Amino acid sequence: VLAMTVLGIVLIVYALFVFYITFAKPPKIWGMKKFQGFVGALTETGTVIFFTVWGLAALVIGIVLLV
């Protein structure tokens, strides 16, 4: 039970971090090769959509684990 609670909290914090990166687009992080690879493959709009869905999934799973 404790492990699920901790995992839920970690997933929620991770989701908030993903949302920050997605919407604030800090240049040091957004300019990394990994992110530029996503932008090259999915375009910038597709990358924003992908990370938004990824963050929502982490947020929902984190909330479910806490309930």
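Quick look at the numbers
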{"quantity": "Gain in span if fully extended, Val48 to Lys34, counting 0.36 nm per residue against the direct Cα distance", "calculated": "3.7 nm"}
{"quantity": "Mean separation of Cα contacts under 8 Å, 6 or more apart, over the residue count of the chain: relative contact order %", "calculated": "59"}
{"quantity": "Carbon and sulfur %, accessible surface of the chain computed with the full protein complex present, 1.4 Å", "calculated": "81"}
{"quantity": "For the chain, accessible area per residue (1.4 Å probe, heavy atoms of protein chains only), Å²", "calculated": "70"}
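The values are calculated or read from the model by the stated rules, or taken from the named source; none is laboratory data. Quick caveat: nothing in here was measured; it's all calculated off a predicted structure. Keep in mind that these areas ignore ligands, DNA and RNA; they rest on the heavy atoms of the full protein, side chains included. Shrake-Rupley method; radii C 1.70, N 1.55, O 1.52, S 1.80 Å.
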